[in-house]
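Below you will find the structure I want to go over with you.
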Amino acid sequence: MSALPEQPVPAPVRRPVIHAASGVWGAVCPPAPVPGAPPREYLRQDETDSARRGPGAVLRAVMLGVPVLAVLAGCAAGPQGVARLAPDPQISTLPVPQFGTPRPYAPERTNTEIAHDIVELGFYMESGREIPRFSRFEGPIGVALRGDVPPGAVGETDRLLERMRREAGLQVARVNQTAAQVTVEFIPGRQLRAAVPQAACFVVPNVSSWAEFRAARRRGALDWTQVTERTRVGVFVPSDVAPQEIRDCLHEEIAQAMGPLNDLYRLPDTVFNDDNFQTALTGFDMLLLRVWNAPELRSGMTRAQVTERLPTILARENPRGQRPFDGTLPERSPRAWIDAVETALGRSANPTVRRNAAATALAIASSRGWDDARLGFSLFLVARFAPPSAGETALAALMRAQRLFAGLPGGQVHAAHMDMHLATQALAAGQTDLVLTLTARALEPARRTENAAFQAVLMLLRAEALERRGQRTEAAALRRASAPLAAWGFGRVDALDRRIAEIAALR
(Lines give C-alpha, C1' and ligand atoms only; values in the text may rest on other atoms or scores of the structure.)
Protein backbone atom coordinates (compact mmCIF):
# COMPACT_ATOMS: atom_id res chain seq x y z
CA MET A 1 0.00 0.00 0.00
CA SER A 2 1.52 3.29 -1.01
CA ALA A 3 -1.20 5.83 -0.37
CA LEU A 4 -0.75 7.71 2.89
CA PRO A 5 -3.89 6.64 4.75
CA GLU A 6 -3.43 7.79 8.30
CA GLN A 7 -1.23 9.97 10.43
CA PRO A 8 1.55 9.95 11.24
CA VAL A 9 3.05 7.00 9.31
CA PRO A 10 1.96 5.62 5.93
CA ALA A 11 1.74 1.95 5.26
CA PRO A 12 4.61 0.79 3.06
CA VAL A 13 4.26 0.36 -0.65
CA ARG A 14 6.76 -2.46 -0.61
CA ARG A 15 7.93 -4.44 2.35
CA PRO A 16 11.71 -4.07 2.45
CA VAL A 17 12.14 -7.74 3.32
CA ILE A 18 10.61 -8.72 -0.02
CA HIS A 19 11.52 -5.75 -2.12
CA ALA A 20 15.31 -5.86 -2.16
CA ALA A 21 16.25 -3.58 -5.08
CA SER A 22 13.29 -4.45 -7.28
CA GLY A 23 10.47 -6.95 -7.20
CA VAL A 24 9.83 -10.06 -5.15
CA TRP A 25 12.81 -11.45 -3.25
CA GLY A 26 13.11 -14.42 -5.56
CA ALA A 27 13.11 -12.23 -8.64
CA VAL A 28 15.84 -10.01 -7.27
CA CYS A 29 18.14 -12.58 -5.73
CA PRO A 30 18.94 -15.93 -7.27
CA PRO A 31 16.67 -18.07 -5.12
CA ALA A 32 18.04 -20.50 -2.58
CA PRO A 33 16.56 -23.96 -2.36
CA VAL A 34 13.65 -24.05 0.06
CA PRO A 35 15.17 -23.39 3.51
CA GLY A 36 15.51 -26.59 5.46
CA ALA A 37 15.29 -28.87 2.46
CA PRO A 38 15.69 -32.50 3.55
CA PRO A 39 18.53 -34.63 2.18
CA ARG A 40 18.78 -34.18 -1.51
CA GLU A 41 15.50 -33.26 -3.19
CA TYR A 42 15.15 -34.85 -6.61
CA LEU A 43 12.40 -33.21 -8.63
CA ARG A 44 10.83 -35.11 -11.47
CA GLN A 45 7.70 -34.87 -13.53
CA ASP A 46 4.89 -37.35 -12.87
CA GLU A 47 4.64 -38.27 -16.54
CA THR A 48 7.07 -38.12 -19.42
CA ASP A 49 4.83 -35.68 -21.29
CA SER A 50 4.16 -33.40 -18.30
CA ALA A 51 6.29 -30.63 -19.79
CA ARG A 52 3.74 -30.39 -22.58
CA ARG A 53 0.83 -30.08 -20.15
CA GLY A 54 1.58 -26.44 -19.34
CA PRO A 55 1.88 -24.68 -16.00
CA GLY A 56 -0.31 -27.22 -14.24
CA ALA A 57 2.22 -30.00 -14.65
CA VAL A 58 2.64 -31.78 -11.35
CA LEU A 59 6.06 -32.10 -9.77
CA ARG A 60 6.97 -34.28 -6.84
CA ALA A 61 9.99 -34.82 -4.62
CA VAL A 62 11.89 -38.09 -4.26
CA MET A 63 14.47 -38.55 -1.51
CA LEU A 64 17.95 -39.56 -2.62
CA GLY A 65 19.95 -38.95 0.53
CA VAL A 66 22.64 -36.53 -0.66
CA PRO A 67 22.82 -33.14 1.15
CA VAL A 68 21.78 -30.05 -0.78
CA LEU A 69 23.24 -26.58 -0.30
CA ALA A 70 20.36 -24.57 1.20
CA VAL A 71 21.52 -20.97 1.34
CA LEU A 72 22.92 -18.52 -1.20
CA ALA A 73 25.25 -16.18 0.61
CA GLY A 74 23.79 -12.77 1.39
CA CYS A 75 20.83 -13.09 -0.91
CA ALA A 76 17.88 -14.71 0.74
CA ALA A 77 15.14 -12.52 2.07
CA GLY A 78 13.73 -13.72 5.31
CA PRO A 79 15.76 -15.00 8.24
CA GLN A 80 19.08 -14.48 6.50
CA GLY A 81 18.34 -10.81 5.90
CA VAL A 82 18.00 -8.61 2.84
CA ALA A 83 20.59 -8.11 0.13
CA ARG A 84 20.42 -4.43 -0.83
CA LEU A 85 22.57 -3.32 -3.71
CA ALA A 86 23.50 0.34 -3.82
CA PRO A 87 23.00 1.84 -7.27
CA ASP A 88 26.15 1.91 -9.33
CA PRO A 89 27.02 5.22 -11.05
CA GLN A 90 28.13 3.25 -14.10
CA ILE A 91 24.58 2.04 -14.61
CA SER A 92 23.75 5.19 -16.56
CA THR A 93 26.35 4.22 -19.19
CA LEU A 94 24.74 0.85 -19.94
CA PRO A 95 21.96 0.34 -22.50
CA VAL A 96 18.45 0.32 -21.07
CA PRO A 97 16.71 -3.01 -21.71
CA GLN A 98 14.38 -2.78 -24.68
CA PHE A 99 11.09 -4.41 -23.79
CA GLY A 100 9.39 -3.56 -27.07
CA THR A 101 5.67 -2.93 -27.39
CA PRO A 102 3.94 -3.61 -24.04
CA ARG A 103 2.01 -6.89 -24.03
CA PRO A 104 0.24 -7.03 -20.67
CA TYR A 105 -2.03 -9.97 -19.96
CA ALA A 106 -5.70 -9.05 -20.38
CA PRO A 107 -8.00 -9.38 -17.35
CA GLU A 108 -9.63 -12.81 -17.23
CA ARG A 109 -12.25 -12.51 -14.50
CA THR A 110 -15.91 -11.84 -15.22
CA ASN A 111 -17.26 -8.31 -15.00
CA THR A 112 -19.27 -9.32 -11.93
CA GLU A 113 -16.04 -10.18 -10.14
CA ILE A 114 -14.21 -7.12 -11.47
CA ALA A 115 -16.98 -4.79 -10.26
CA HIS A 116 -16.62 -6.36 -6.81
CA ASP A 117 -12.85 -5.86 -6.98
CA ILE A 118 -13.16 -2.20 -7.98
CA VAL A 119 -15.49 -1.41 -5.09
CA GLU A 120 -13.11 -2.98 -2.57
CA LEU A 121 -10.09 -1.28 -4.12
CA GLY A 122 -11.82 2.07 -4.31
CA PHE A 123 -13.74 2.41 -1.06
CA TYR A 124 -11.36 1.03 1.55
CA MET A 125 -7.88 1.89 2.71
CA GLU A 126 -5.50 -0.98 3.36
CA SER A 127 -5.91 -0.36 7.08
CA GLY A 128 -9.60 -1.25 6.71
CA ARG A 129 -10.88 2.30 7.03
CA GLU A 130 -13.75 3.06 4.71
CA ILE A 131 -13.46 5.80 2.10
CA PRO A 132 -16.87 7.49 2.09
CA ARG A 133 -16.69 9.21 -1.29
CA PHE A 134 -15.32 8.45 -4.72
CA SER A 135 -12.49 10.81 -5.72
CA ARG A 136 -10.44 11.44 -8.84
CA PHE A 137 -9.08 14.26 -10.97
CA GLU A 138 -11.77 15.91 -13.07
CA GLY A 139 -10.26 16.87 -16.42
CA PRO A 140 -6.81 16.45 -18.00
CA ILE A 141 -3.93 15.48 -15.72
CA GLY A 142 -0.43 16.94 -15.89
CA VAL A 143 2.53 15.08 -14.37
CA ALA A 144 5.76 16.88 -13.45
CA LEU A 145 9.12 15.56 -12.26
CA ARG A 146 11.26 17.45 -9.79
CA GLY A 147 14.14 16.95 -7.39
CA ASP A 148 17.16 14.77 -8.11
CA VAL A 149 15.67 13.14 -11.22
CA PRO A 150 17.67 9.97 -11.97
CA PRO A 151 18.91 9.08 -15.45
CA GLY A 152 16.19 7.26 -17.30
CA ALA A 153 13.31 8.46 -15.11
CA VAL A 154 12.05 10.92 -17.73
CA GLY A 155 11.95 8.22 -20.38
CA GLU A 156 10.22 5.76 -18.05
CA THR A 157 7.63 8.39 -17.10
CA ASP A 158 6.94 9.27 -20.73
CA ARG A 159 6.56 5.60 -21.64
CA LEU A 160 4.16 5.08 -18.72
CA LEU A 161 2.04 8.10 -19.62
CA GLU A 162 1.90 6.99 -23.26
CA ARG A 163 0.61 3.61 -22.08
CA MET A 164 -2.00 5.33 -19.92
CA ARG A 165 -3.19 7.37 -22.89
CA ARG A 166 -3.30 4.41 -25.25
CA GLU A 167 -4.44 1.58 -22.98
CA ALA A 168 -6.55 3.44 -20.39
CA GLY A 169 -7.74 6.40 -22.48
CA LEU A 170 -6.53 8.95 -19.94
CA GLN A 171 -5.90 12.60 -20.78
CA VAL A 172 -2.47 12.74 -19.21
CA ALA A 173 0.83 14.32 -20.22
CA ARG A 174 4.13 15.39 -18.71
CA VAL A 175 4.11 19.14 -18.02
CA ASN A 176 6.15 21.74 -16.18
CA GLN A 177 5.79 21.99 -12.44
CA THR A 178 3.44 24.96 -12.34
CA ALA A 179 0.87 23.17 -14.52
CA ALA A 180 1.01 19.80 -12.75
CA GLN A 181 -1.74 18.04 -10.87
CA VAL A 182 0.63 15.17 -10.02
CA THR A 183 4.16 16.04 -8.95
CA VAL A 184 6.74 13.29 -8.68
CA GLU A 185 9.67 14.35 -6.51
CA PHE A 186 12.81 12.24 -6.28
CA ILE A 187 14.35 12.17 -2.80
CA PRO A 188 17.57 10.54 -1.58
CA GLY A 189 16.59 7.21 -0.08
CA ARG A 190 18.08 7.96 3.32
CA GLN A 191 16.06 11.17 3.59
CA LEU A 192 12.86 9.46 2.51
CA ARG A 193 13.32 6.57 4.96
CA ALA A 194 14.12 8.95 7.81
CA ALA A 195 10.72 10.59 7.35
CA VAL A 196 8.71 7.45 6.57
CA PRO A 197 10.71 4.37 7.61
CA GLN A 198 8.31 1.72 6.26
CA ALA A 199 7.79 3.13 2.77
CA ALA A 200 9.88 2.62 -0.34
CA CYS A 201 7.77 5.19 -2.20
CA PHE A 202 4.33 6.64 -1.60
CA VAL A 203 1.60 9.02 -2.74
CA VAL A 204 -0.22 11.69 -0.69
CA PRO A 205 -2.99 14.21 -1.39
CA ASN A 206 -2.95 18.00 -1.34
CA VAL A 207 0.79 18.61 -1.77
CA SER A 208 3.19 19.26 -4.66
CA SER A 209 6.60 19.04 -2.97
CA TRP A 210 8.54 17.30 -0.24
CA ALA A 211 8.59 20.50 1.79
CA GLU A 212 4.81 20.75 1.55
CA PHE A 213 4.47 17.11 2.56
CA ARG A 214 6.52 17.60 5.71
CA ALA A 215 4.59 20.72 6.67
CA ALA A 216 1.19 19.18 5.91
CA ARG A 217 2.07 16.08 7.87
CA ARG A 218 2.54 18.12 11.01
CA ARG A 219 -0.89 19.64 10.46
CA GLY A 220 -2.59 16.30 9.82
CA ALA A 221 -3.73 17.39 6.36
CA LEU A 222 -2.96 14.22 4.40
CA ASP A 223 -6.03 12.07 5.05
CA TRP A 224 -7.28 10.41 1.87
CA THR A 225 -10.65 9.65 3.46
CA GLN A 226 -11.39 13.38 3.54
CA VAL A 227 -10.69 13.91 -0.18
CA THR A 228 -13.76 14.27 -2.42
CA GLU A 229 -12.00 15.62 -5.52
CA ARG A 230 -8.30 15.35 -6.30
CA THR A 231 -6.62 18.58 -7.30
CA ARG A 232 -2.99 18.08 -6.24
CA VAL A 233 -1.13 14.89 -5.44
CA GLY A 234 2.50 14.36 -4.47
CA VAL A 235 4.43 11.20 -5.32
CA PHE A 236 7.76 10.59 -3.57
CA VAL A 237 10.30 8.17 -5.00
CA PRO A 238 13.89 7.43 -3.92
CA SER A 239 16.43 8.81 -6.37
CA ASP A 240 19.25 6.39 -5.57
CA VAL A 241 17.84 2.90 -6.07
CA ALA A 242 17.97 0.49 -9.01
CA PRO A 243 16.38 1.72 -12.25
CA GLN A 244 13.80 -1.06 -12.11
CA GLU A 245 12.70 -0.05 -8.61
CA ILE A 246 12.30 3.54 -9.82
CA ARG A 247 10.20 2.27 -12.74
CA ASP A 248 8.11 0.12 -10.41
CA CYS A 249 7.46 3.04 -8.06
CA LEU A 250 6.45 5.31 -10.93
CA HIS A 251 3.95 2.74 -12.18
CA GLU A 252 2.24 2.06 -8.87
CA GLU A 253 2.31 5.57 -7.40
CA ILE A 254 1.18 7.45 -10.50
CA ALA A 255 -1.55 4.84 -11.02
CA GLN A 256 -2.74 5.29 -7.45
CA ALA A 257 -2.69 9.06 -7.89
CA MET A 258 -5.21 8.56 -10.72
CA GLY A 259 -7.10 5.55 -9.41
CA PRO A 260 -7.93 3.57 -6.26
CA LEU A 261 -5.80 3.58 -3.14
CA ASN A 262 -6.19 0.09 -1.69
CA ASP A 263 -4.08 -3.02 -2.27
CA LEU A 264 -5.60 -6.52 -2.28
CA TYR A 265 -3.54 -9.67 -1.70
CA ARG A 266 -6.28 -11.76 -3.33
CA LEU A 267 -5.78 -10.22 -6.80
CA PRO A 268 -2.83 -11.74 -8.68
CA ASP A 269 -3.07 -9.65 -11.86
CA THR A 270 -2.41 -6.16 -10.53
CA VAL A 271 0.25 -3.91 -9.03
CA PHE A 272 -2.39 -3.00 -6.43
CA ASN A 273 -1.19 -5.93 -4.34
CA ASP A 274 1.44 -5.88 -1.60
CA ASP A 275 2.89 -9.26 -2.57
CA ASN A 276 4.85 -7.37 -5.28
CA PHE A 277 4.96 -10.12 -7.86
CA GLN A 278 3.65 -7.66 -10.46
CA THR A 279 6.08 -4.82 -11.18
CA ALA A 280 4.49 -2.88 -14.06
CA LEU A 281 0.90 -1.92 -14.81
CA THR A 282 -1.13 -4.89 -16.02
CA GLY A 283 -4.09 -5.26 -18.34
CA PHE A 284 -6.39 -5.30 -15.33
CA ASP A 285 -4.76 -2.10 -14.04
CA MET A 286 -5.40 -0.31 -17.32
CA LEU A 287 -9.03 -1.46 -17.31
CA LEU A 288 -9.31 -0.26 -13.73
CA LEU A 289 -8.04 3.20 -14.69
CA ARG A 290 -10.43 3.37 -17.67
CA VAL A 291 -13.37 2.54 -15.41
CA TRP A 292 -12.21 4.91 -12.66
CA ASN A 293 -12.18 7.78 -15.14
CA ALA A 294 -15.35 6.83 -17.04
CA PRO A 295 -17.77 9.71 -17.80
CA GLU A 296 -20.55 8.01 -15.81
CA LEU A 297 -18.62 8.59 -12.60
CA ARG A 298 -17.71 11.82 -10.85
CA SER A 299 -15.98 12.92 -7.66
CA GLY A 300 -18.10 12.85 -4.55
CA MET A 301 -20.24 9.83 -5.46
CA THR A 302 -21.10 7.32 -2.76
CA ARG A 303 -20.17 3.65 -2.93
CA ALA A 304 -23.78 2.77 -3.80
CA GLN A 305 -23.83 5.24 -6.68
CA VAL A 306 -20.57 3.91 -8.14
CA THR A 307 -21.65 0.28 -7.65
CA GLU A 308 -24.87 0.95 -9.55
CA ARG A 309 -23.00 2.33 -12.59
CA LEU A 310 -20.20 -0.24 -12.79
CA PRO A 311 -22.06 -2.95 -14.77
CA THR A 312 -22.83 -0.56 -17.62
CA ILE A 313 -19.29 0.81 -17.69
CA LEU A 314 -17.69 -2.64 -17.61
CA ALA A 315 -19.98 -3.96 -20.33
CA ARG A 316 -18.64 -1.23 -22.61
CA GLU A 317 -15.00 -1.28 -21.53
CA ASN A 318 -14.52 -5.02 -21.06
CA PRO A 319 -16.91 -6.96 -23.35
CA ARG A 320 -14.89 -10.15 -22.87
CA GLY A 321 -15.92 -10.09 -19.21
CA GLN A 322 -19.64 -10.16 -20.05
CA ARG A 323 -20.30 -13.76 -19.15
CA PRO A 324 -22.15 -15.43 -16.28
CA PHE A 325 -20.54 -15.74 -12.89
CA ASP A 326 -21.89 -18.61 -10.83
CA GLY A 327 -19.42 -18.56 -7.96
CA THR A 328 -19.27 -16.80 -4.62
CA LEU A 329 -17.70 -13.34 -4.50
CA PRO A 330 -14.61 -13.34 -2.28
CA GLU A 331 -14.74 -11.93 1.21
CA ARG A 332 -12.47 -9.14 2.37
CA SER A 333 -9.26 -10.34 3.96
CA PRO A 334 -9.63 -10.44 7.75
CA ARG A 335 -7.20 -8.35 9.72
CA ALA A 336 -5.82 -11.48 11.42
CA TRP A 337 -4.64 -12.89 8.08
CA ILE A 338 -3.10 -9.59 6.96
CA ASP A 339 -1.34 -9.23 10.32
CA ALA A 340 0.08 -12.74 10.02
CA VAL A 341 1.41 -12.03 6.51
CA GLU A 342 2.95 -8.73 7.56
CA THR A 343 4.55 -10.38 10.59
CA ALA A 344 6.07 -13.09 8.41
CA LEU A 345 7.49 -10.42 6.11
CA GLY A 346 8.62 -8.04 8.84
CA ARG A 347 12.28 -7.17 9.05
CA SER A 348 12.40 -7.31 12.84
CA ALA A 349 10.78 -10.71 13.28
CA ASN A 350 13.01 -13.66 14.20
CA PRO A 351 12.84 -16.94 12.24
CA THR A 352 10.50 -18.65 14.68
CA VAL A 353 8.08 -15.73 14.70
CA ARG A 354 8.10 -15.67 10.90
CA ARG A 355 7.46 -19.39 10.61
CA ASN A 356 4.62 -19.24 13.07
CA ALA A 357 3.10 -16.24 11.31
CA ALA A 358 3.29 -18.00 7.94
CA ALA A 359 1.64 -21.07 9.46
CA THR A 360 -1.08 -18.86 10.93
CA ALA A 361 -1.72 -17.25 7.55
CA LEU A 362 -2.03 -20.67 5.92
CA ALA A 363 -4.32 -21.93 8.69
CA ILE A 364 -6.64 -18.93 8.27
CA ALA A 365 -6.66 -19.27 4.48
CA SER A 366 -7.44 -22.98 4.73
CA SER A 367 -10.12 -22.62 7.40
CA ARG A 368 -11.96 -20.04 5.30
CA GLY A 369 -11.90 -22.22 2.23
CA TRP A 370 -9.99 -19.74 0.08
CA ASP A 371 -8.76 -20.94 -3.28
CA ASP A 372 -7.38 -17.62 -4.53
CA ALA A 373 -4.02 -15.85 -4.45
CA ARG A 374 -4.19 -15.51 -0.66
CA LEU A 375 -3.95 -19.26 -0.25
CA GLY A 376 -1.13 -19.40 -2.80
CA PHE A 377 0.81 -16.65 -1.05
CA SER A 378 0.28 -18.33 2.33
CA LEU A 379 1.71 -21.55 0.91
CA PHE A 380 4.65 -19.62 -0.53
CA LEU A 381 5.38 -18.05 2.87
CA VAL A 382 5.24 -21.44 4.59
CA ALA A 383 7.75 -22.78 2.09
CA ARG A 384 9.96 -19.71 2.40
CA PHE A 385 10.21 -19.76 6.19
CA ALA A 386 10.16 -23.51 6.78
CA PRO A 387 12.36 -24.86 9.62
CA PRO A 388 15.23 -27.24 8.84
CA SER A 389 13.13 -30.23 9.89
CA ALA A 390 10.28 -29.49 7.47
CA GLY A 391 11.94 -29.34 4.08
CA GLU A 392 9.72 -31.97 2.50
CA THR A 393 6.61 -30.14 3.71
CA ALA A 394 8.04 -26.85 2.44
CA LEU A 395 8.66 -28.23 -1.03
CA ALA A 396 5.15 -29.68 -1.13
CA ALA A 397 3.77 -26.25 -0.21
CA LEU A 398 5.77 -24.61 -2.99
CA MET A 399 4.54 -27.10 -5.57
CA ARG A 400 0.96 -26.71 -4.36
CA ALA A 401 1.30 -22.93 -4.67
CA GLN A 402 2.54 -23.33 -8.25
CA ARG A 403 -0.45 -25.47 -9.19
CA LEU A 404 -2.88 -23.07 -7.57
CA PHE A 405 -1.45 -19.97 -9.25
CA ALA A 406 -1.28 -21.73 -12.62
CA GLY A 407 -5.01 -22.37 -12.40
CA LEU A 408 -6.02 -18.86 -11.33
CA PRO A 409 -7.29 -16.31 -13.85
CA GLY A 410 -4.42 -13.83 -14.15
CA GLY A 411 -2.05 -16.01 -12.14
CA GLN A 412 0.63 -16.43 -14.84
CA VAL A 413 3.26 -14.25 -13.14
CA HIS A 414 2.85 -15.84 -9.72
CA ALA A 415 3.05 -19.31 -11.26
CA ALA A 416 6.22 -18.25 -13.08
CA HIS A 417 7.82 -17.17 -9.81
CA MET A 418 6.96 -20.54 -8.26
CA ASP A 419 8.52 -22.21 -11.32
CA MET A 420 11.69 -20.22 -10.72
CA HIS A 421 11.92 -21.46 -7.13
CA LEU A 422 11.25 -25.02 -8.23
CA ALA A 423 13.93 -24.64 -10.90
CA THR A 424 16.37 -23.70 -8.17
CA GLN A 425 15.48 -26.89 -6.30
CA ALA A 426 15.96 -28.87 -9.50
CA LEU A 427 19.35 -27.25 -10.18
CA ALA A 428 20.54 -28.09 -6.68
CA ALA A 429 19.43 -31.67 -7.32
CA GLY A 430 21.26 -31.82 -10.66
CA GLN A 431 18.05 -32.05 -12.70
CA THR A 432 19.15 -29.85 -15.60
CA ASP A 433 16.36 -30.98 -17.96
CA LEU A 434 13.76 -29.89 -15.44
CA VAL A 435 15.54 -26.58 -14.89
CA LEU A 436 15.30 -25.85 -18.61
CA THR A 437 11.61 -26.83 -18.73
CA LEU A 438 10.63 -24.70 -15.74
CA THR A 439 12.62 -21.62 -16.73
CA ALA A 440 11.42 -21.81 -20.35
CA ARG A 441 7.78 -21.47 -19.35
CA ALA A 442 8.58 -18.80 -16.73
CA LEU A 443 10.44 -16.58 -19.22
CA GLU A 444 7.37 -15.55 -21.20
CA PRO A 445 5.56 -14.04 -18.16
CA ALA A 446 8.81 -12.37 -17.09
CA ARG A 447 9.20 -10.75 -20.52
CA ARG A 448 5.55 -9.74 -20.85
CA THR A 449 5.59 -8.05 -17.44
CA GLU A 450 8.92 -6.34 -18.19
CA ASN A 451 10.63 -7.62 -15.05
CA ALA A 452 14.31 -7.35 -15.94
CA ALA A 453 15.58 -8.76 -12.65
CA PHE A 454 13.31 -11.78 -12.95
CA GLN A 455 14.36 -12.36 -16.57
CA ALA A 456 18.04 -12.15 -15.64
CA VAL A 457 17.72 -14.74 -12.87
CA LEU A 458 15.83 -17.15 -15.14
CA MET A 459 18.45 -16.74 -17.86
CA LEU A 460 21.27 -17.36 -15.41
CA LEU A 461 19.58 -20.49 -14.06
CA ARG A 462 19.25 -21.72 -17.65
CA ALA A 463 22.88 -20.86 -18.36
CA GLU A 464 24.06 -22.85 -15.38
CA ALA A 465 21.97 -25.84 -16.45
CA LEU A 466 23.39 -25.63 -19.98
CA GLU A 467 26.92 -25.32 -18.59
CA ARG A 468 26.47 -28.51 -16.62
CA ARG A 469 25.25 -30.26 -19.76
CA GLY A 470 28.44 -29.25 -21.56
CA GLN A 471 26.76 -26.59 -23.72
CA ARG A 472 29.26 -23.89 -22.79
CA THR A 473 28.80 -21.72 -25.89
CA GLU A 474 25.04 -21.46 -25.34
CA ALA A 475 25.56 -20.79 -21.63
CA ALA A 476 28.03 -17.97 -22.32
CA ALA A 477 25.65 -16.38 -24.83
CA LEU A 478 22.79 -16.42 -22.30
CA ARG A 479 24.96 -14.82 -19.64
CA ARG A 480 26.02 -12.06 -22.03
CA ALA A 481 22.39 -11.41 -23.00
CA SER A 482 21.38 -11.19 -19.33
CA ALA A 483 24.00 -8.52 -18.47
CA PRO A 484 21.96 -5.38 -19.25
CA LEU A 485 18.87 -6.91 -17.63
CA ALA A 486 20.78 -7.73 -14.45
CA ALA A 487 22.44 -4.30 -14.26
CA TRP A 488 19.14 -2.44 -14.80
CA GLY A 489 17.17 -4.72 -12.50
CA PHE A 490 19.65 -4.87 -9.65
CA GLY A 491 21.22 -1.43 -9.98
CA ARG A 492 24.86 -2.52 -10.25
CA VAL A 493 27.09 -3.42 -13.16
CA ASP A 494 28.68 -6.20 -11.10
CA ALA A 495 25.30 -7.79 -10.30
CA LEU A 496 25.76 -10.38 -13.04
CA ASP A 497 29.01 -11.75 -11.63
CA ARG A 498 27.49 -11.97 -8.16
CA ARG A 499 24.46 -13.86 -9.38
CA ILE A 500 26.49 -16.21 -11.56
CA ALA A 501 28.66 -17.14 -8.56
CA GLU A 502 25.66 -17.66 -6.28
CA ILE A 503 23.84 -19.85 -8.78
CA ALA A 504 26.99 -21.85 -9.52
CA ALA A 505 27.17 -22.63 -5.79
CA LEU A 506 23.98 -24.69 -6.11
CA ARG A 507 25.79 -28.02 -6.33
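Could you list, in sequence order, the residues of segment 484-500 that are surrounded by fewer than 24 Cβ atoms within 10 Å (Cβ to Cβ), without any contact (Cβ under 8 Å) to a residue 60 or more places away in the chain and aliphatic (A, V, I, L, M)?
Leu496, Ile500
Output the residues belonging to segment 338-369 that are touching a residue at least 60 places away in the same chain (Cβ under 8 Å) and not aliphatic (A, V, I, L, M).
Correct list: Glu342, Gly346, Arg347, Asn350, Pro351, Arg354.
Which of the residues spanning segment 193-220 are assigned to a loop (DSSP other than H, G, I, E, B) and surrounded by fewer than 19 Cβ atoms within 10 Å (Cβ to Cβ)?
If the condition is that a residue be assigned to a loop (DSSP other than H, G, I, E, B) and surrounded by fewer than 19 Cβ atoms within 10 Å (Cβ to Cβ), then Pro197, Gln198, Asn206, Ser209, Gly220 are the ones that fit.
Go through (1) more than 18 Å from Gln181 (Cβ to Cβ); (2) in contact with a Lys or Arg (Cβ under 9 Å, 6 or more places away or on another chain); (3) surrounded by fewer than 24 Cβ atoms within 10 Å (Cβ to Cβ) one by one and return the number of the condition Asp223 breaks.
(2)
A further question on this structure: Please tell me if Val291 is in a helix (DSSP H, G or I), in the same structural domain as Ile141 (by TED's automatic domain parsing) and within 24 Å of Ala115 (Cβ to Cβ).
Taking the combined requirement at face value, the residue satisfies it.
If you don't mind, another one. Looking only at segment 337-352, decide whether some residue is more than 20 Å from the chain's Cα centre (by Cα) and closer than 28 Å to Arg129 by Cα.
yes
Looking only at residues in segment 175-215 that are within 17 Å of Leu145 (Cα to Cα) and among the charged types (D, E, K, R), which one is modelled with the highest pLDDT?
Result: Glu185.
Another one. Quick test for you: out of His414, His421, pick the one residue that is more than 22 Å from Ala463 (Cβ to Cβ), in a helix (DSSP H, G or I) and in the same structural domain as Leu485 (by TED's automatic domain parsing).
Just a single option satisfies the conditions, and that option is His414.
For every residue, the table says whether it meets (1) under 20 Å from Ser209 (Cα atoms); (2) in contact with a Gly (Cβ under 7 Å, 6 or more places away or on another chain); (3) outside any loop (DSSP other than H, G, I, E, B).
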site: Pro102; (1), (2), (3): no, no, no
site: Ile114; (1), (2), (3): no, yes, yes
site: Asp117; (1), (2), (3): no, no, yes
site: Met164; (1), (2), (3): no, no, yes
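So which of Ser389, Ser378 is of a type in the set (Ser, Thr, Tyr) and either assigned to a loop (DSSP other than H, G, I, E, B) or buried (at least 22 other Cβ atoms within 10 Å of the Cβ) (or both)?
Ser378
The values are calculated or read from the model by the stated rules, or taken from the named source; none is laboratory data. Because the structure is a prediction, the values reported are computed rather than measured. Positions of Cβ are backbone-derived with ideal geometry, glycine not excepted, and every protein chain shown enters the neighbour counts.
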